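Any read-out appearing in this document is the output of simple, stated calculations on the displayed coordinates, not a laboratory observation. Source: prediction; values computed, not measured. Every residue, glycine among them, receives a Cβ derived from its backbone with ideal geometry; neighbour counts consider all protein chains shown.
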Amino acid sequence: MNRNGQTPLVEMKDVSISFGGIKAVDHVSIDLYPGEVVGLLGHNGAGKSTLIKILSGAYQMDAGEIRINGKKATIENPRDARAHNIETIYQTLALADNLDAASNLFLGRELVKNGLVDDAKMEAETRKIMGRLNPNFKKFNVPVSALSGGQRQSVAIARAVYFNARILIMDEPTAALGPHETQMVAELISELKAQGLGIFLIEHDIHNVMKLCDRASVMKNGELVGTVNVDEVTDDDILGMIILGKKPAHLAA
């Protein structure tokens, strides 16, 4: 499926997975295009996190197909996902609190010169990527435990982008943030969109979805209720999809 001549970054087609005989994801199809944010919504247990864990390699689907840039992809573990330029930013951010931004950016993938970790090069690269993403970031030499929530998000996002993510999965990135920090993350997401990345945004706050997303996919009881363009629906329309499990009347055809 193409849109405006574009091939989707991701197509998940007819994906299913069961745990103990219970279908956690039941024949779900979603897609994501370059420079787009797709919000994934639904009550706890709706299946949205499970669906995304299949894409990130944490789970293996029982049935269905994943295509990356139009080509069938096999994703059996997180390494496979990264090979397809898929990076996941979990709510916990998975940062080492006692290390600074550069050490976190290159954690496990340190730059080496003459057999030694090249701290100067890693800091220079971190400053370069932060200059692109968050020019106001200045705290390069303090542990990330001393950073605000939005700044910590910046480090996690910079790590993903530096290692060539084209598809970003973000799990409730503003859940624990105040208004100023939430705005900082919104600006980061806008910058990533402008650079052509595609983002799946797992989100519970409908206001954030309406503000940050181009489309919204709602799940209920493991099934896809539907995918809508956010500029064609209201907050109440999406709330109705979450609660009632059906698309709004004006889009139901």
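The Cα atoms of segment 202-253 give a gyration tensor whose axes a ≥ b ≥ c have a/c of 1.5 or more with a/b no greater than b/c, which makes the shape oblate. Judged by the ratio a/c of the largest to the smallest principal axis of the C-alpha gyration tensor, segment 146-250 counts as prolate, that ratio being 1.5 or greater while a/b is larger than b/c.
Projected over all directions and averaged, the alpha-carbon convex hull of segment 1-47 occupies 3.9 nm². Electrostatic bookkeeping for N44 treats Lys and Arg as +1 and Asp and Glu as -1; over the other residues with beta carbon under 12 Å from its beta carbon, the sum is +1. Here the convex hull built on the C-alpha positions of segment 1-95 has a volume of 117 cubic angstrom per residue.
The GNM of the chain, with springs linking C-alpha atoms under 10 angstrom apart, assigns the highest mean-square fluctuation among A146, A81, A216 to A146. Distance between the pseudo-spin-label points of N136 and K72 (7 Å out from Cα toward the beta carbon): 4.8 nm. As a calculated quantity, the FRET efficiency between A146 and D235 at R0 = 41 Å, using C-beta atoms, amounts to about 0.65. Compactness of segment 72-173 was expressed as the Cα radius of gyration divided by 2.2 N^0.38 Å, which yields 1.09.
Given DSSP loops and a limit of at most 16 other Cβ atoms within 10 Å, what is the longest stretch of the chain that contains no such chymotrypsin sites (Phe, Trp or Tyr not before Pro)?
With chymotrypsin sites (Phe, Trp or Tyr not before Pro) excluded where exposed in loops, the chain gives 164-253 as its longest stretch.
A DSSP coil position with no more than 15 other Cβ atoms inside 10 Å describes the following GluC sites (Glu not before Pro) in segment 1-83: E76. DSSP assigns beta bridges within the chain; of those with both partners inside it, close to 60 percent run antiparallel.
GluC sites (Glu not before Pro) within segment 119-224: which are DSSP loop residues with at most 14 other Cβ atoms inside 10 Å? Loop-located and lightly packed - none at all. Applying a DSSP loop filter and a limit of 16 other Cβ atoms within 10 Å to the trypsin sites (Lys or Arg not before Pro) in segment 63-160 leaves R109, K138, K139. Compared with the dominant Cα axis of the chain, that is its longest principal axis, helix 235-244 is turned about 60°. Computed over segment 1-54, relative contact order equals 29 percent, with contacts defined as Cα pairs under 8 Å that lie 6+ residues apart. Which net charge results when you count Lys and Arg as +1 and Asp and Glu as -1 among the other residues whose beta-carbon is under 11 Å from that of M170? The answer is -4.
FRET efficiency for the pair D80 and H27, taken as 1/(1 + (r/R0)^6) with r the Cβ-Cβ distance and R0 = 22 Å, rounds to 0.45.
Remark: relative contact order (segment 153-243) = 23 percent; criterion is Cα-Cα distance under 8 angstrom and separation of 6 or more residues. Across L212, L116, L32, mean-square fluctuation computed from a Gaussian network of the chain (C-alpha pairs under 10 Å connected) peaks at L116. Can you give the FRET efficiency for L107 and D62, using 1/(1 + (r/R0)^6), R0 = 35 Å, r = Cβ-Cβ distance, to the nearest 0.05? That pair, L107 with D62, gives E of 0.55. Normalised by the number of residues in the chain, the mean separation of alpha-carbon contacts (under 8 Å, six or more apart) gives a relative contact order of 26 percent. Against the compact-protein benchmark of 2.2 N^0.38 Å, the Cα-based radius of gyration of the chain scales to 1.04.
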